[in-house]
Amino acid sequence: MSDQAARYLSPRARQLPLLAVSTSHFLNDLLQALLIASYPLIHTDLALDFSQLGLLTLVYQFTASVFQPLVGAFTDRHAPRWSLMLGMSLSGSGIFTLGMADSYAWLLIASVLLGFGSAIFHPEAARLARRWAREKLGWGQSLFQLGGSLGSMAGPLVTALVVLPNGQGSIAWFSALAAVGVLLAVFLWSADASPSETGNMAPVTTIAQTAPMSEAAPTGQLGVLFALVCAKYVYLACFGSYLVFYLETEFDVPVASGLVVLFCFHAATAGGGLIGGTVSDRIGTRRVIAFSFWGAVPFALAFPHLGLFPAVAAAILASAIIASAFPAIVVHAQGLAPSRIGVVSGLFYGTAFGVGGLASAAFGWLADVTSIATTFDMTAWCPLVGLIALRLRENRPERSEA
């Protein structure tokens, strides 16, 4: 899209590309989710221990976390439309390799490919989501997050329905979804390059019109947001990687049933993210961020001490509440550095991946030397980090009249 055309976008012209960005996020994160969802299968088939599973998560998420800010800095300068296609292609290659892997080394290669795919995809996709959302930034970010959350949610479900009955090789079938993602990226390339419609159009602030990062990004505020993202993803990483094993160990829940519970867990995070981003447009990001942590505390602390059904309910409620923070956190951070949308998006998405990977590896080691239950006992305290949200300054976005 030209600089002049970027200033004027009709509401109708924005809706379809925003849905396409969200759908491509769904496909990308579905492919990514198949790695962790397949752990119970490859844990048995390839005789892996929890430390090796944790290392797979670390390699995948560390690769994504390190490169996302670098890719974000590149997209801020050049905005390469081909980055979405490249990211989807790498994710498809990674999922094909995962399906064909017959050794731990190939599993590591698959993790690296998936990590690179995620690193290249997310910064540019988040930039486009913000562009098409205009001043409804919370809604735009939550819709973008909903696509990713639905993809993460679908990973365990399709694993239970397709992969477990058909074996590891069936994972490679899902590489075909990457081709669909590439087609969506081509559509977004075309939409981003085409002139906007005429009539009934409203001006949109472009990157060139925003303040420089030195004026707009207080270090202390970004530091608080960074710490909150770390706490959130340490908590969610434990559940995402080891909830199935916890249910199997503590309550003798079959793997297939545990994957259905994991599906419900991811569904709760998807719903929480959608609600959190939407509400932040109305009441401000600071209030949503604070509530998302404080509201999760009682459920998180109770989880390790409950029976099967109350524990599942507590896990779902805690995940939904704490997940509502992330769209608000990203919008709050982007507002602090509006001239560095790619860097900020890459930094916070990268932090989410990196912290999740480190936490998963640490929890895998801890589970091997102690027990699965011990990891969840320790994780229960993470939402208390939300007390530092009191240090955030209020940021209430203007509502769109369009």
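Determine which member of the set 142, 152, 170 is out of contact with any Pro (no Cβ under 9 Å at 6 or more places or on another chain), surrounded by 20 or more Cβ atoms within 10 Å (Cβ to Cβ) and assigned to a helix (DSSP H, G or I).
152
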Scan the stretch 384-395 and report the pairs whose first residue is surrounded by fewer than 16 Cβ atoms within 10 Å (Cβ to Cβ) and whose second residue is not in a helix (DSSP H, G or I), with Cβ atoms within less than 7 Å and a gap of 6+ or a chain change. 394/284
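Within the stretch 43-53, does at least one residue satisfy the condition of being closer than 24 Å to residue 268 by Cα, in a helix (DSSP H, G or I) and touching a residue at least 12 places away in the same chain (Cβ under 8 Å)?
Residues of the stretch 43-53 closer than 24 Å to residue 268 by Cα: none.
No, the conditions are met nowhere in the stretch 43-53.
Restrict the check to the stretch 304-316 and report whether at least one residue is under 24 Å from residue 25 (Cα atoms) and either assigned to a helix (DSSP H, G or I) or of a type outside the set (S, T, N, Q) (or both). Walk me through how you get there before you give the answer.
The first filter runs over the stretch 304-316 and keeps only residues under 24 Å from residue 25 (Cα atoms), leaving 316.
Okay, now just the ones that are also either assigned to a helix (DSSP H, G or I) or of a type outside the set (S, T, N, Q) (or both), so 316.
Yes: the stretch 304-316 contains one or more residues that are under 24 Å from residue 25 (Cα atoms) and either assigned to a helix (DSSP H, G or I) or of a type outside the set (S, T, N, Q) (or both).
Given the condition in contact (Cβ under 8 Å) with a residue 60 or more places away in the chain and over 15 Å from the mean Cα position of the chain (by Cα), answer yes or no: does some residue in the stretch 117-125 qualify? Can you show your working first?
Applying the first criterion (in contact (Cβ under 8 Å) with a residue 60 or more places away in the chain) to the stretch 117-125 yields 117-119, 121-125.
The next check asks that each one be over 15 Å from the mean Cα position of the chain (by Cα); those that pass are none.
So far as the stretch 117-125 goes, no, none of its residues is in contact (Cβ under 8 Å) with a residue 60 or more places away in the chain and over 15 Å from the mean Cα position of the chain (by Cα).
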Read through the list (1) modelled with pLDDT under 85; (2) closer than 15 Å to residue 184 by Cβ; (3) buried (at least 23 other Cβ atoms within 10 Å of the Cβ), then give the number of the only condition that residue 82 fails. (3)
Can you tell me which of 295, 276 is closer than 24 Å to residue 150 by Cβ and surrounded by fewer than 21 Cβ atoms within 10 Å (Cβ to Cβ)? 295
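Residues are listed down the side, and each one gets a yes or a no for (1) in contact with a helix residue (DSSP H, G or I) (Cβ under 6 Å, 6 or more places away or on another chain); (2) under 17 Å from residue 164 (Cα atoms); (3) modelled with pLDDT of 90 or more; (4) outside any helix (DSSP H, G or I):
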position: 220; (1), (2), (3), (4): no, no, no, no
position: 231; (1), (2), (3), (4): yes, no, yes, no
position: 234; (1), (2), (3), (4): yes, no, yes, no
position: 238; (1), (2), (3), (4): yes, no, yes, no
position: 244; (1), (2), (3), (4): yes, yes, yes, no
position: 266; (1), (2), (3), (4): yes, no, no, no
position: 269; (1), (2), (3), (4): yes, no, no, no
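Mind listing whichever residues of the stretch 338-349 are small (Gly, Ala, Ser) and surrounded by fewer than 24 Cβ atoms within 10 Å (Cβ to Cβ)?
Within the stretch 338-349, the first condition is being small (Gly, Ala, Ser), and the residues that meet it are 339, 342, 345-346.
Of everything in the stretch 338-349, just one residue is small (Gly, Ala, Ser) and surrounded by fewer than 24 Cβ atoms within 10 Å (Cβ to Cβ), namely 339.
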Looking at the stretch 4-12, is at least one residue hydroxyl-bearing (Ser, Thr, Tyr), at pLDDT below 80 and outside any helix (DSSP H, G or I)? yes
Here is a list of conditions, (1) over 27 Å from residue 142 (Cβ atoms); (2) part of a helix (DSSP H, G or I), and residue 253 meets all of them except one; can you say which number that is? (2)
First in the stretch 162-176 and in contact (Cβ under 8 Å) with a residue 60 or more places away in the chain, second anywhere and part of a helix (DSSP H, G or I) and among the hydroxyl-bearing types (Ser, Thr, Tyr), Cβ under 8 Å, 6 or more apart: 163/170; 175/93
Taking the stretch 360-384, which residues are hydrophobic (A, V, I, L, M, F, W, C), at pLDDT 85 or above and part of a helix (DSSP H, G or I)? 362, 363, 365, 366, 367, 369, 372, 373, 376, 378, 382, 384
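The values are calculated or read from the model by the stated rules, or taken from the named source; none is laboratory data. What you see is a predicted model, and the numbers here were worked out from it, not measured in a lab. Because the Cβ atoms are built from the backbone with ideal geometry, glycine has one as well, and the counts that use them run over all protein chains shown.
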